[in-house]
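These notes concern the structure reproduced below.
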Amino acid sequence: VINKAQIDMSAVAWDYENSFIYSGNAYTVKLINLPAGVTATYTGNTATNAGSYTADVTFTYDADNYELVNNSVSKLSWTVNKATLDVSDVVWNYTTPLTYTGNVHTVELINLPDGVTVTYQGNTATDAGPYSATAVLAYDSQNYTLSDDIQTTLTWTIAKAKIDLSGVTWNYTDPFNYDGKVHTVTLENIPDGYGLVAEYTGNSATDSGDYTASVTFTGYDTKNYELENVPEDLSWSIEGKPAY
C-alpha cells in the first residue's frame, strides 16, 4: 500500500476581517496561505455595489495522491457597506423674506455634494406672497447613505415692496384769503411709475372756515406694493370772509 500524502490546510483563511466601503471599484475576497499544489476556484467572491454576499470555494489538487487535512475553510459571508455622502452643510439659500422686484425669485438647496441632484416644486415665484418649496433628492441610494437629514420643505415669502411717500407734501403753507372762489389743496411730488392716484376728501372749499383734507391712494399694484410714510391729514383754512 502507498498511502496518500497529506496537505495541511490549517493555515488557510479568508483575507477578510472588516466590511468594505463602497468606492465604485470591485472588491474581492480570497484565501491566503494556500499550500503548493492546491488551487482555489471561487463563486461570489467579487462585488462592487454595497450589499451582503456569500463567497464559496472549491479546491483543485491531485486527489489520487493527496488528501486535505485540517481544512476548516467554509463559506464566507462578507459585506460592502454604503459610503456616506456628507450633507451636513446643505441648507436652503433663504433666511429672511425676499422683496418683490418684478423679477423671478428662486430658493434652492446649496452646498450639495457630488452625487446628489435635486428637483424642486414651488421654489420659484414673482409676486409677493407666501410659498412652499419642496426638494426631491436623487442619489445612488443602493450605494450611499446621507450623513444627516436634509430639510426638504421650506416655507418662504416674497414681501411687498415699499412705495416711500416721505417726499410727498401738501401744497399749503398759509391760510387762503376768502375771495368767493374755490380753493383746493393737493399733494405734490407723488412718485411716478406706480400708477398712484390720489383721491381726496375735504380738500376743496369756498367759504372761510377751517377744514381737514385727507387722501387715499388707488391705482397701484396692492398685491405687490405697500405704502409707507403716507402724508397725514391736513388742517387748512380760508380766512377773511367779509360780513354781510
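Kindly provide the chymotrypsin sites (Phe, Trp or Tyr not before Pro) of region 48-144 that DSSP labels as loop, not H, G, I, E or B, and whose Cβ sees at most 11 other Cβ atoms within 10 Å.
For chymotrypsin sites (Phe, Trp or Tyr not before Pro) across region 48-144 that sit outside H, G, I, E and B with at most 11 neighbouring Cβ atoms in 10 Å, the list is empty.
If Lys and Arg each add +1 and Asp and Glu each add -1, what is the summed charge of the other residues whose beta carbon sits under 15 Å from the beta carbon of K4?
Local charge sum for K4: -4.
For the chain, set up a GNM with springs between Cα atoms under 10 Å and report which of A36, A135, A50 has the largest fluctuation.
A36
Could you work out the Rg to Rh ratio of region 121-228, with Rh taken as the Kirkwood radius (inverse of the mean 1/r over all Cα pairs)?
Expressed as Rg/Rh, it is 1.38.
Tell me, in nm to one decimal, what length is gained between T212 and D179 on full extension, where the rule is 0.36 nm per residue of separation less the Cα-Cα distance?
9.9 nm
What nm distance separates the two modelled labels at S23 and T152, each placed 7 Å from Cα along Cα→Cβ?
3.1 nm
Taking a quarter of the surface of the convex hull around the Cα atoms of region 175-244, what do you get in nm²?
Convex hull of Cα atoms, orientation-averaged projection: 5.3 nm².
For a quick check of your reading of the filter: which GluC sites (Glu not before Pro) in region 172-244 sit in a DSSP loop and have no more than 13 other Cβ atoms within 10 Å?
E232
Using a cut-off of 27 Å between alpha-carbon atoms, which lysines can reach K160, once sequence neighbours fewer than 8 places away in the same chain are excluded?
K223
Extending each Cα 7 Å along its Cβ direction at D192 and D233, get the distance between those two points in nm, one decimal.
It is 3.3 nm.
Which of the lysines could a cross-linker bridge to K82, judged by Cα under 26 Å and excluding same-chain residues fewer than eight apart?
Straight-distance partners of K82: K30.
Let me have the relative contact order for region 1-156, percent, based on Cα pairs under 8 Å that are six or more residues apart.
Relative contact order, region 1-156: 21 percent.
Jot down the radius of gyration and Dmax of region 1-120, Cα atoms only, both in angstrom.
Here Rg and the maximum Cα pair distance are 27.0, 101 Å.
Under the Kirkwood approximation for Rh and a Cα-based Rg, what ratio Rg/Rh is obtained for region 1-71?
1.10
T152: accessible area at probe 1.4 Å, nearest 10 Å²?
Ignoring ligands and nucleic acids, T152 comes out at about 50 Å².
Tell me, what is the per residue accessible area of the chain in Å², probe radius 1.4 Å?
60 Å²
Within the chain, what's the longest run with no trypsin sites (Lys or Arg not before Pro) in a DSSP loop and at most 15 other beta-carbon atoms within 10 Å? Give the range, please.
Here the longest run is 76-180.
Dividing the convex hull volume of the Cα atoms of the chain by its residue count, what figure in Å³ per residue is obtained?
Expressed per residue, the convex hull around the Cα atoms of the chain is 132 Å³.
The values are calculated or read from the model by the stated rules, or taken from the named source; none is laboratory data. Everything numeric here is computed off the predicted structure, so don't read it as measured data. Quick reminder, even Gly has a Cβ in these numbers, built from the backbone with ideal geometry, and neighbours come from all protein chains shown. Quick note on the areas: whole protein, heavy atoms, side chains included, nothing else; ligands and nucleic acids left out. Shrake-Rupley method; radii C 1.70, N 1.55, O 1.52, S 1.80 Å.
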